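Visitor: Mind looking over this structure? Questions follow.
Just so you know, all these numbers are worked out from the coordinates, no wet-lab data involved. These numbers come from a predicted model, not from an experiment. Methodologically, a virtual Cβ is constructed for each residue, glycine included, from the backbone with ideal geometry; neighbour enumeration extends over all protein chains shown.
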Amino acid sequence: MSLIPSNTAVSDRLAVLREERAVKKATFRSAVEAASIEWEAELLLALEEFRDDGGFTSLQERMRTDVQRQEHRSLYDQCGQPIQPIRAPSDHHNKSLCDIFLSDEIDVGKALSCVSDSTAIFYTGDPTMATERAALRIRILTAVKQEMRDAIKAELDAQAAHDRALVEERNRVAQEERDARSRLIRQRVTGRY
């Protein structure tokens, strides 16, 4: 199929449509950038309130348990996590998950519980302010959750290193004690003290 305009009038109109579309996209991008300041501030405030209400405590405990399970599971299974796409609200299967990020008021606890590196908003057609806000929320919450996961993993790794060092020290002391007993037994057998 040829995409060459049939005449100059069509060519001129095509150029105008391209320009209008470029202007529309640029205007939308500018509006998103301006609105994202408010969206980010609102989300950070919601995160602060969630923290102040003790919401991170239970989430961190669940994450700690999940990280420990994943570390144990990774010993047996090297598969990654399946992608959990969030589709547009017309997808009934993921509607409630999508609503978490698209709603005007975000439930930070639910959002943090379900967001992951593979969470994304998929939509048909042009992006909207709501989908752009949802994408920003997902990026920020994913980063917050990853920081929490990294801190928990570092804490668990430090504890494991401490435990290994303690066990190694106790094994060393036990070996020294066995060696000392062995020397004492040899001294008794040979009669030298």
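Visitor: How large is ³J(HN,Hα), in whole Hz, for each residue of region 112-119 in order, when computed from phi with the Karplus curve 6.51 cos²θ - 1.76 cosθ + 1.60 and θ = phi - 60°, using x for Gly and Pro?
Guide: Each residue of region 112-119 in turn: 5, 5, 9, 6, 8, 4, 9, 6 Hz.
Visitor: Shifting gears a bit: Using each residue's phi in region 52-68, evaluate 6.51 cos²θ - 1.76 cosθ + 1.60 at θ = phi - 60° and report the 3J(HN,Hα) Karplus result to the nearest Hz, with x for Gly and Pro.
Guide: 5, 7, x, x, 6, 4, 5, 5, 5, 5, 5, 5, 4, 4, 4, 5, 4
Visitor: Now a separate question. Among 173-183, 141-151, how do they line up from the highest to the lowest mean number of other beta-carbon atoms within 10 Å? List each step's numbers first, then the result.
Guide: Details: 173-183: 10.0, 141-151: 15.6.
Sorting 173-183, 141-151 by mean packing, highest first, produces 141-151, 173-183.
Visitor: In whole Hz, with x marking every Gly and Pro, tabulate ³J(HN,Hα) for region 141-151 from phi via Karplus 6.51 cos²θ - 1.76 cosθ + 1.60, θ = phi - 60°.
Guide: Listing the rounded values in order: 5, 5, 5, 4, 5, 5, 4, 5, 4, 5, 5 Hz.
Visitor: Quick one: grab the alpha carbon gyration tensor of region 1-74, order the square roots of its eigenvalues as a ≥ b ≥ c, and give me rounded if a/c is under 1.5, else prolate or oblate depending on whether a/b is larger than b/c. Show your work: numbers first, answer last.
Guide: Numbers: a/c = 10.09, a/b = 2.31, b/c = 4.37.
Cα axes put region 1-74 in the oblate bin.
Visitor: Let me ask something else. Can you list residues from other chains, or at least 5 along the same chain, whose modelled amide H is less than 5 Å from the amide H of Ser118?
Guide: Those lying under 5 Å, H to H, from Ser118 are Gln84.
Visitor: I'd like to compare 129-135, 5-11: which one has the highest average count of other Cβ atoms within 10 Å, and what's the full order after that?
Guide: Numbers: 129-135: 19.1, 5-11: 9.7.
Per-residue mean Cβ counts within 10 Å order the peptides as 129-135, 5-11.
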